[in-house]
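Quick notes on the structure that follows.
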Amino acid sequence: METKVLKQAVRRNMTRFPEDFMFEMNKEELDSLRSQIVTSKEGRGGIRYMPFCFTEQGVTMLSCVLNSQRAIHVNIQIIRIYTSIREMLIAHKDVFIRVEQAEKQLIKHDQKIELLFTYLSKFIEKEDKPRTEIGFKRKGK
């Protein structure tokens, strides 16, 4: 499928592509991209129109808008992947909960360790000063 046909299909169905599904690059973004991946210069058969950029949801919607065998195949694969991910999350929900709990405990431990080092550094700073003796002194010794 030609880029021209793709862009026409998207423009005809713009209501299916909100901002979080797709955006069109501006000149500055395109120049930045062009400097990162060396492409043809303007005037030498380069890009005349700003390209579209699609998020995951936008690609899914795009495969629904396009009516080709390849688009249909992509749409089926996307649905299968999302279904597999959902099944995996449901099957391993307890593991994810445990990992989340462990992360919370690690954060608490990190904070306690930080506090310990703060106290130790204050103790080391005070150690440089002469310490006064405390306690009882016995007569005769």
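Each reported figure results from applying straightforward, stated rules to the coordinates on display, with no laboratory input. What you are looking at is a predicted structure, and each value in this text was computed from that prediction instead of being measured. Cβ: placed from backbone, ideal geometry, glycine included. Neighbour counts: every protein chain shown.
Summing Lys, Arg as +1 and Asp, Glu as -1, what charge do residues with Cβ under 12 Å from the Cβ of Val10 carry, Val10 excluded? Summing Lys/Arg as +1 and Asp/Glu as -1 gives +4.
Straight-line cross-link reach from Lys104 at under 16 Å between alpha-carbon atoms covers these aspartates and glutamates, not counting any fewer than eight positions away in the same chain: Asp94, Glu114.
Taking the inverse of the mean reciprocal distance over all distinct Cα pairs, the Kirkwood hydrodynamic radius of segment 62-141 comes to 19.5 Å.
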